[in-house]
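Shown next, in structure tokens, is the structure this report addresses.
The numbers here are math on the coordinates, done by the rules we state, and not lab data. Here the structure is a predicted model, which means the values were calculated and not measured. Note: ideal-geometry Cβ built from the backbone for every residue, glycine included; neighbour counts use all protein chains shown.
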Amino acid sequence: MSLLVTNIGELVTNDPARGGPLGVVGDAALVAEHGHVAWVGPARHAPQADARIDVHGAAVIPGFVDSHTHLVFAADRAAEFVARMSGTPYTGGGIATTVAATRDADDGTLRANLARLVAEANGQGSTTIEVKSGYGLSTVDEERLLRLAREVTDETTFLGAHVVPREYVGRLEEYVALVTGPMLTAAAPLARWVDVFCERGAFDEDASRTVLRAGMAAGLQPRIHANQLGPGPGVRLAVELGAASADHCTHLSTEDVDALASSATVATLLPGAEFATRSPYPDARRLLDAGATVALATDANPGSSFTTSMPFCIAVAVREMRMTPAEAVWAATAGGAAALRRDDVGRLSPGARADLAVLDAPSHVHLAYRPGVPLVRTVVIAGEAT
Ligand SMILES: [Zn+2]
């Protein structure tokens with residue numbers, strides 16, 4: 001089965017061989033075969049295919065790669081959001097509320113909530129979604145959350161070291177022993193990645209290193225929540241361990257920026273978190289100018305960033321973080337792929353997965369230029385319109 005998408009006014013390929021930051025092709029067409037991109041070029045030269053979508057001059061971009069979400073949970077925290085918007089500062093303490101609700105929820109409830117959120121993300125153009133555990137924080141519940149996450153994505157992340165759960169408060173070492181022992185043994189077959197919330201009030205540098213090293217020894221690859229609420233060792237640790245990504249990167253020293261710029265660790269920025277906690281945004285311009293690779297992701301979670309919308313993140317990144325529209329679209333597609341060490345997504349060139357979004361707009365610029373407007377018209381995942 002092959003699919004021709006034609007009359008594309010502006011095709012964003014992210015193919016460096018096509019020039020410019022986004023490898024844009026005008027008056028383009030694309031052919032997908034067996035779920036992958038088989039051909040890209042001028043519409044007038046397009047080969048025949050079994051099925052055809054005429055997009056009438058619209059822009060087509062690679063599907064978004066949302067490399068950071070926490071989508072397996074129960075209940076919301078709207079009241080906490082109201083309190084924060086009324087002046088209560090964010091400290092991460094509300095995570096315990098979601099842990100309690102998630103432990104109490106049965107599989108069916110969690111599965112239905114997850115499916116709803118994944119459909120919501122797909123509808124806004126996300127075609128690859130990473131999902132973390134981290135609201136179970138017991139061996140049985142972390143295993144359960146990863147099993148559910150695995151039903152919707154291969155990009156699953158073990159985040160047993162999200163916070164120290166209530167029953168272990170004051171016993172950090174004992175909890176780290178659980179996370180790196182029985183919990184990791186249960187989680188490792190279900191996860192690709194290991195993550196830790198390296199932050200004052202969560203896990204310090206030593207505990208974070210212990211968790212990530214144990215995960216790596218169990219065959220998982222490291223990524224890290226770093227430098228969100230204040231300066232800290234997270235970014236340094238990410239680079240030291242060769243992590244695929246350091247996520248948040250809100251409070252960076254010059255040394256942190258230099259370390260990211262001279263390493264393969266991607267700086268993943270999560271502007272939904274700063275938006276929903278009314279905090280200063282990370283400085284994407286500083287990272288880009290230094291030569292770091294920048295990704296954008298939603299951090300979708302019920303506490304500090306309850307959005308599944310990559311277009312929203314792009315708009316905020318352009319307005320508040322000094323990114324150009326092209327840089328933000330690249331960061332939300334190819335950047336996310338780099339943060340997941342994937343070369344088969346985040347681009348639309350032959351061999352890539354045929355994951356794309358057709359916009360109700362003539363150009364990718366409209367994603368930032370028309371904030372809050374639902375611009376994703378059609379989403380194609382692995383060559384199939386959804
Ligand atoms: Zn997160």
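Summary table below
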| read-out | value |
| --- | --- |
| Under 11 Å, Cβ to Cβ, from G303 - net charge with Lys/Arg +1 and Asp/Glu -1 | -1 |
| Computed [θ] at 222 nm, helices only, for the chain once each DSSP H run of length n ≥ 4 contributes -39500 (n - 2.57) | -9000 deg cm²/dmol |
| Computed lengthening from V140 to A100, 0.36 nm per intervening residue step minus Cα-Cα distance | 13.0 nm |
| Contact order relative to length of the range 259-344, as percent, for alpha carbon pairs under 8 angstrom and 6 or more apart | 32 |
| FRET efficiency estimate (nearest 0.05) - Cβ-Cβ, E255 to R166, R0 45 angstrom | 0.80 |
| Cβ crowding within 10 Å averaged over residues, with 126-135, 313-322 ranked highest first | 126-135, 313-322 |
| Alpha carbon centroid spacing (whole Å) that separates the range 232-300 from the range 316-386 | 20 |
| Distance between modelled label sites at A51 and A382, nm, 7 Å Cα→Cβ extension | 1.4 |
| R341-T185 pseudo-label distance in nm [points 7 Å out on the Cα-to-Cβ vector] | 2.5 |
| Among beta bridges that DSSP assigns inside the chain, antiparallel share in %, nearest 5 | 45 |
| D204-M85 pseudo-label distance in nm [points 7 Å out on the Cα-to-Cβ vector] | 3.8 |
| Overall form of the range 64-339 per C-alpha gyration tensor (a/c, 1.5; a/b vs b/c) | rounded |
